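The values are calculated or read from the model by the stated rules, or taken from the named source; none is laboratory data. What you are looking at is a predicted structure, and each value in this text was computed from that prediction instead of being measured. Ideal geometry is used to build each Cβ from the backbone, glycine not excepted, and the neighbour counts take in all protein chains shown.
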Amino acid sequence: MSINPEHIKAFVNTNYPYLGINKQQEVSRLLFEIAKRERIDYKEIAESLSGPKGRFSQIKDYLLKRRYPSLTEKRQKIRPSFFDVCINPELKVNVTSEPLNKPKNLCIEEAVLHTETAKRIMSQFPESTVEIINTYKEHLGKRHFDINDYNSRLKSLYLVRENYDFYKRCPCSNKSASCGYFVVNLGSGCPYECAYCVLQDYINSPGIVLPANIEDFFTAFKNFKQNIRCGSGELTDSLAFDHITGYSPQIVEFFRQYPKSMFEFKTKSNNIDLLVSLPGARNIVVSWSMNPAKIVETVEYFTALLPQRLESAQKCADCGYRVAFHFDPIIYYPGWEVDYEKLINDIFDTVDGGNIAWISLGTLRMTPRLKKIIENRFPDNTMLDEEFLIGHDGKLRYPRDVRALIYKNMTSWIRRRCESVPLYLCMEEKSMQRDCMAQLINLSSKIKSDI
């Protein structure tokens, strides 16, 4: 059902004029979320309150109990986020038609104009308008980009020279357990529309940005002089643009020379043609973000469907690569257990456990600002209807006992199918990691023993 937050705010202002701006904002936010969660008119909720002259503490207490029923029943302290409800219908993503498959504009830094990558991409998009720029940073200036720019990001493709940010430690959330991972940013921006995606909040850019100097990443690794577990996929999908850049064969052949390190391609695509065109290597891992089919189809728009991801994983394993699976984010909803257990069984029915390098687990989380962006870009979503609290890192998370239950069940289902596959938690607090340790296998020591 469609809920107009402006109507709610006007209603609260009219009926509770004695409340201050902040208190009216809290009441409006709670009425909005309850109406959305229960699929009813907000006025029906207001009728249950203690009259228009009710005390704020009574109004808020009633609304909190209704918005967070399970937490209220457990008498758990509720720390929600009460930012203003402000939804612009013009920011809604069109998920009914496929996004652009070719950019209207190609902006190329002069320093990479001579590279094979630049030549390859220009030849693929002969109808695109080409603009030669000095530097990406200078071209953008100090302009700030908003959700409208993000929605039209596929219209422009920037080819740049990366000079500094080659290999960096995974930016784990504050107070979260470290995964010991190194990030290789071979692009910024993604063609997919996953409703929960952090890039909506993180990227300040008018288009897709791809480094054209892949050879410098290889030189930087040689100078790094240590064995690491690294991979792309932090700021983009590792394979979504592979048919454009042609990077995956070069990466495979380079890291084949360094068998004591691991490189991981993280993807939601089935864009594996270049990968399976050459023999795989055991230190090259191709991984997929996994969710049940109903989540893929209603939350992860334009990504490869679940059967396509499973088929791609099998092809990569048959080709000699190891594969991995990331259940991150796990989305909690009524009946989640049946869907996720089936998904785990489907994975092990498709891929032999001996070919699985690791599996990660992480639950849905977001900053309050990202929640606001999701409400605007995906106003019909239902994943925000669950109960979220401010977590250890300032992000909105499911309550701790819900997350613990999810991890317990997931590890149990995985261990039932494979005792030895390494498991780890992603972006979780250290105490949760300790509580789950009995079911987990230390990833770094397992990797060292495998190499």
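Yes or no: residue 42 in contact with a helix residue (DSSP H, G or I) (Cβ under 9 Å, 6 or more places away or on another chain), among the aromatic types (Phe, Trp, Tyr) and closer than 30 Å to residue 334 by Cα? Yes: the conditions hold for residue 42. Just one of (1) more than 15 Å from the chain's Cα centre (by Cα); (2) in a strand (DSSP E or B) fails for residue 342. It is (2). Give the residue that is surrounded by the most Cβ atoms within 10 Å (Cβ to Cβ), with candidates limited to residues of region 280-327 that are β-branched (Val, Ile, Thr) and not in a strand (DSSP E or B). Top of the filtered list is 303. With a requirement of 1 or more residues that are under 19 Å from residue 188 (Cβ atoms) and either over 22 Å from the mean Cα position of the chain (by Cα) or not assigned by TED's automatic domain parsing to the domain that holds residue 195 (or both), the helices (runs of 4 or more DSSP H) lying completely within region 89-161 that satisfy it span 116-124, 136-140.
Taking the criterion of being in contact with an Asp or Glu (Cβ under 8 Å, 6 or more places away or on another chain) and either basic (Lys, Arg) or outside the structural domain of residue 385 (by TED's automatic domain parsing) (or both), the only residue of region 283-316 that qualifies is 294.
Among helices (runs of 4 or more DSSP H) entirely within region 1-86, having at least 3 residues that are buried (at least 18 other Cβ atoms within 10 Å of the Cβ) singles out 5-15, 21-38, 42-47, 56-67.
Would region 369-390 turn up any residue that is among the aromatic types (Phe, Trp, Tyr), surrounded by fewer than 17 Cβ atoms within 10 Å (Cβ to Cβ) and not in a helix (DSSP H, G or I)? Before the answer, list the steps.
Here is the first cut: in region 369-390, the ones among the aromatic types (Phe, Trp, Tyr) are 378, 388.
Checking the rest, the ones that are also surrounded by fewer than 17 Cβ atoms within 10 Å (Cβ to Cβ) come to none.
Checked against the condition, which is being among the aromatic types (Phe, Trp, Tyr), surrounded by fewer than 17 Cβ atoms within 10 Å (Cβ to Cβ) and not in a helix (DSSP H, G or I), region 369-390 yields no hits at all.
Taking region 256-265 as the range and being within 26 Å of the chain's Cα centre (by Cα) and surrounded by fewer than 22 Cβ atoms within 10 Å (Cβ to Cβ) as the test, only 261 passes.
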